[in-house]
Amino acid sequence: MEKAKLSVIQLFALMFIFEMGTALVVSYGTNAGKDAWLSILLAMCGGIVLFYIFYFLFYQYPNLLFTGYIRETFGEYIGWIVGLLYCLHFIYICGRNVRELGDLLVSSTLPETPLLAINLTLVLVMCYVIHLGIEVVGRTAEVFIVVLFLLGAAGNFFVLVSGDVDFHQIRPFLEHGWKPIFTTAFPHLLIFPFGEMIAFTMLLPYLNRPQLAKRAWLGAVISIGLILSWMFVLNTSVLGIDVMQRSVFPTLTAVGKVNLFDFIERLDAIVVFTLLITVFFKASIYLYAAVIGIADLFKLNNYRKILFPIGTIVIFLSLAMASSFTEQGEEGFLNHYLSIALLIVVPMLMLVVSIIRNHFKKKTN
């Protein structure tokens with residue numbers, strides 16, 4: 001671990017931006033039809049339950065990284081292998097996020113720019129900021145969360161006054177009953193983005209006031225759940241559920257329809273800039289979690305020695321994982337089951353093992 005401290009405001013800013021990630025832009029929860037907004041709220045409740053699992057484990061080992069208390073829970077050898085799986089998972093998801101941003105930029109604003117140039121530039125900047133330390137990442141997030149709030153307020157205002165919004169398009173309520181709502185919320189929406197917060201178990205030991213971790217984490221989960229639910233309602237009211245289900249980037253399409261007085265238009269740049277900020281921080285946190293996790297597992301004194309080699313792997317993954325965005329979505333479906341195991345099953349198993357171990361310790365004492 002590096003000698004660094006994060007304030008609770010910096011932790012909240014990182015969590016908020018991380019949760020926003022690509023979920024704000026990509027097609028999200030449309031399997032539930034017009035009721036996807038309710039699926040998001042249910043998944044948010046599941047995300048709160050997951051938080052208490054992560055927090056309980058952190059409370060048992062407040063000075064260890066997640067890779068550290070995996071080994072304390074499962075034993076040195078099995079725990080080391082499971083910890084390495086988490087680090088590889090973080091690297092893979094980092095590559096996916098970089099690829100998704102590259103695809104959006106190529107398809108919307110930079111059609112003549114090679115994907116390699118975009119991904120290479122993004123990862124190099126990520127590596128540079130992480131090389132400076134997690135405190136620098138936290139202070140940068142404090143600035144950019146304000147920028148995100150301003151961009152979000154401006155985007156929502158222009159869409160609402162554009163005349164394209166028809167809230168009747170989200171009716172009727174419970175059109176297909178509760179089943180698609182629950183099956184969409186659990187486990188799909190629970191994993192993405194709420195389960196992905198497991199990456200922050202690698203950052204909690206840096207918090208200068210650990211007792212406030214609960215406030216920052218719950219605040220981020222609840223605020224993002226409400227924002228994503230609202231954005232689905234707004235996008236559906238503009239586009240209709242049929243277009244929502246066919247669109248790859250529905251938020252980009254909805255904001256791109258704004259045309260006020262034939263003067264205020266092409267506001268899709270707001271969405272692109274928002275995604276650039278959120279993906280930069282989300283991918284950076286994944287990369288940082290992977291690097292310090294590997295340094296912890298291999299007992300390296302300085303994570304910076306492996307930062308650029310792992311960054312090179314991220315660039316290669318972002319280019320090689322799929323030939324198109326559609327193929328990437330199909331390939332991500334296979335990763336879905338691994339995510340269920342790593343983000344839900346393993347933490348619950350760790351919780352059970354910790355409770356049983358604490359019970360026997362009390363009996364022995």
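Quick look at the numbers
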{"item": "Residue in region 106-119 that is under 30 Å from Leu65 (Cβ atoms) and modelled with pLDDT of 90 or more present", "result": "yes"}
{"item": "Qualifying residue in region 44-63 (condition: more than 19 Å from Gln211 (Cα to Cα) and of a type in the set (Gly, Ala, Ser))", "result": "yes"}
{"item": "Tally, over region 295-317, of residues that are open to solvent by 30 Å² or more (accessible area, probe 1.4 Å) and within 19 Å of Thr121 (Cβ to Cβ)", "result": "6"}
{"item": "Scope region 265-294; condition open to solvent by 50 Å² or more (accessible area, probe 1.4 Å) and not charged (D, E, K, R); matching residues", "result": "Ala269, Phe273, Leu276"}
{"item": "Selection status of Lys299, of a type in the set (D, E, K, R) and modelled with pLDDT of 95 or more", "result": "no"}
{"item": "Set Ala320, Ala254, Ala341: member being among the small types (Gly, Ala, Ser), surrounded by fewer than 17 Cβ atoms within 10 Å (Cβ to Cβ) and over 16 Å from Glu100 (Cα atoms)", "result": "Ala341"}
{"item": "From Thr113, Thr121, residue being free of Cβ contacts under 8 Å to residues at least 60 places away in the same chain, outside any helix (DSSP H, G or I) and either of a type in the set (S, T, N, Q) or open to solvent by less than 40 Å² (accessible area, probe 1.4 Å) (or both)", "result": "Thr113"}
{"item": "Residue in region 184-193 that is part of a helix (DSSP H, G or I), β-branched (Val, Ile, Thr) and under 17 Å from Gly46 (Cβ atoms) present", "result": "yes"}
{"item": "Residue match in region 140-156 (condition: surrounded by fewer than 16 Cβ atoms within 10 Å (Cβ to Cβ), of a type in the set (Asp, Glu) and part of a loop (DSSP other than H, G, I, E, B))", "result": "no"}
{"item": "Options Ser247, Ser237; residue that is polar (S, T, N, Q), over 22 Å from Leu104 (Cα atoms) and open to solvent by less than 50 Å² (accessible area, probe 1.4 Å)", "result": "Ser237"}
{"item": "Test: residue in region 194-202 that is farther than 20 Å from Met44 by Cβ and in contact (Cβ under 8 Å) with a residue 40 or more places away in the chain", "result": "yes"}
{"item": "Selection within region 192-216 - at pLDDT below 90 and closer than 24 Å to Trp230 by Cα", "result": "Phe192, Pro193"}
{"item": "Residue count for region 203-217, restricted to those that are open to solvent by 30 Å² or more (accessible area, probe 1.4 Å) and in contact (Cβ under 8 Å) with a residue 40 or more places away in the chain", "result": "5"}
{"item": "Residue that is farthest from Ser108 (Cα to Cα), among those in region 22-59 that are of a type in the set (Val, Ile, Thr) and crowded, with 22+ Cβ neighbours inside 10 Å", "result": "Ile40"}
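Residue-by-condition table, conditions (1) open to solvent by 60 Å² or more (accessible area, probe 1.4 Å); (2) over 14 Å from Ile294 (Cα atoms); (3) modelled with pLDDT under 95:
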site: Gly68; (1), (2), (3): no, no, yes
site: Phe74; (1), (2), (3): no, yes, yes
site: Tyr77; (1), (2), (3): yes, yes, yes
site: Trp80; (1), (2), (3): yes, no, no
site: Tyr86; (1), (2), (3): no, no, no
site: Arg96; (1), (2), (3): no, yes, yes
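The values are calculated or read from the model by the stated rules, or taken from the named source; none is laboratory data. Here the structure is a predicted model, which means the values were calculated and not measured. Note that each Cβ is placed from the backbone with ideal geometry, even for glycine, and that neighbours are counted across all protein chains shown. SASA here: full protein model, heavy atoms, side chains in, ligands and nucleic acids out. Shrake-Rupley method; radii C 1.70, N 1.55, O 1.52, S 1.80 Å.
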